[in-house]
Amino acid sequence: MGGRACWFCPGSAGTPSRMGSLSSPLLLVLFVASAAVIWVAGIKLSDTTDVLAERLHLGSALGGLILLAVATNLPEIAITATAAMAGQLDVAVGNILGGIAIQTVVLAVLDAAGVRPRAPLTRLAASLQLVLEGAMVVVVLAVVVMGTQLSPNLHAARLAPASVAIAVLWVIGLILLSRAGRGLPWREGGDAPDSQPEPRGHSKGKKEKAASDKGVSTTRAGLVFGVSALATLVAGVVIERSGEEFFARQGLSGVLFGATVLAAATSLPEVSTGLTSTKMGDYQLAVSDIFGGNAFLPVLFLLATVISGKPVLPAAHDTDIYLTALGIILTVVYMAGLIFRPRRQYARMGVDSIAAVVIYLVGIAGLATIAT
């Protein structure tokens, strides 16, 4: 991808890839079809995750920050695992870090398309717990940057210090967030006085009640979850392979493709689940899913390290570090929005979402200068 080894490109490892032998129209069809599968499966994953979390009493921390984070990031998990098995560590790094920035910009999409009544998303979702979740994303990404500077020889027992530290910090963050969810020593329990009227996560209970009214058993919900997860995994690999080959033929570099088109396609589960939450008035859950997914993605470095047996982060390119910094900036923008709670909207978005979109576009323009 853009100067890095490509594990599926024509001529990789001395042999042509199957995708390289397909025509461009067929590659485009595969890309669009995979995106459609990811979108539909993402909705099913969201619904069944909430039903299972309620019925199995997993709690808001486990159900929202772990189960849904894993489910909505299945495309990234599939791509990362496959790249690590192929020994293409830089592809694994680029896949993980390339999606965080645009997944944060998904909040702007939710702000413009999913908020009713008309008000900025961060105004309705304002909560100290969400600010803490954003801080967890920033901390994890800061450790990512530190890990890229470590020696590739610094590892033992198929583990590397940076990937282990990221996983440990993520777990500690979940514990702190779980405690915050039970109440903070602040007025209104950490929620703004005029934020969403119903408590965070109320949409999960409503989904479970609707499933019960329709006679959906826990077994059936689990089966739908499994099928949707498998479909998302397969579609995640296909969309990356077909998309990389197709857009490379159109002259788009691998780095720009990964940071824009592929990142947008693999963010479709977050869009679908976020729109579902905002439609039901659960704005805090929508923001939490984005922050939670972004905090979880770097944990995949541990998976990639265990599979490959080598530290993954030292294989990061300048573009990867650049995208990590961009993700941090965008996260801080929304953290500020949650604290200052803008009132006015422009183009159906709060000023924080507008700032995030502008920063992202400027950031991608800067990325293009690095990639070339």
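The values are calculated or read from the model by the stated rules, or taken from the named source; none is laboratory data. As the structure is a prediction and not an experimental result, all values here were calculated from the model. Note that each Cβ is placed from the backbone with ideal geometry, even for glycine, and that neighbours are counted across all protein chains shown. Calculation scope for accessible area: heavy atoms of the full protein, side chains included, ligands and nucleic acids excluded. Shrake-Rupley method; radii C 1.70, N 1.55, O 1.52, S 1.80 Å.
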So, R0 is 41 Å and r is the distance between the beta-carbons of Ala365 and Leu154; what FRET efficiency does that work out to, to 0.05? 0.70
Once the other residues with Cβ under 15 Å from the Cβ of Val227 are scored (Lys, Arg +1; Asp, Glu -1), what is the net sum? +1
Rounded to the nearest 10 Å², what accessible area does Glu133 show when all protein chains are kept and the probe is 1.4 Å? 0
With a 1.4 Å probe and all protein chains left in place, how much accessible area per residue does the chain have, in Å²? 41
Using 0.36 nm times the number of residues separating Val29 and Ile175, minus their current alpha carbon distance, what extension gain do you get? 48.2 nm
At least 30 Å along the helix axis (C-alpha) and Kyte average at least -1.0, DSSP helices within the chain: 24-55, 89-113, 128-148, 218-249, 318-340
Order Phe247, Phe296, most accessible first, counting only protein heavy atoms with a 1.4 angstrom probe. Phe247, Phe296
Do the sum for the chain: with -39,500 (n - 2.57) for every DSSP H run of n ≥ 4, divided by all residues, what is the mean residue ellipticity at 222 nm, to the nearest 500 deg cm²/dmol? -22500 deg cm²/dmol
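What's the lysine pair count for the chain at a Cα cut-off below 13 Å, pairs eight or more apart or interchain?
Lysine pairs, 8 or more places apart or on different chains, close enough: 5.
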Inter-centroid distance (Cα atoms) of the stretch 151-167 relative to the stretch 100-131, Å: 35
Expressed in square angstrom to the nearest 10, the accessible area of Arg241 with a 1.4 Å probe stands at 80
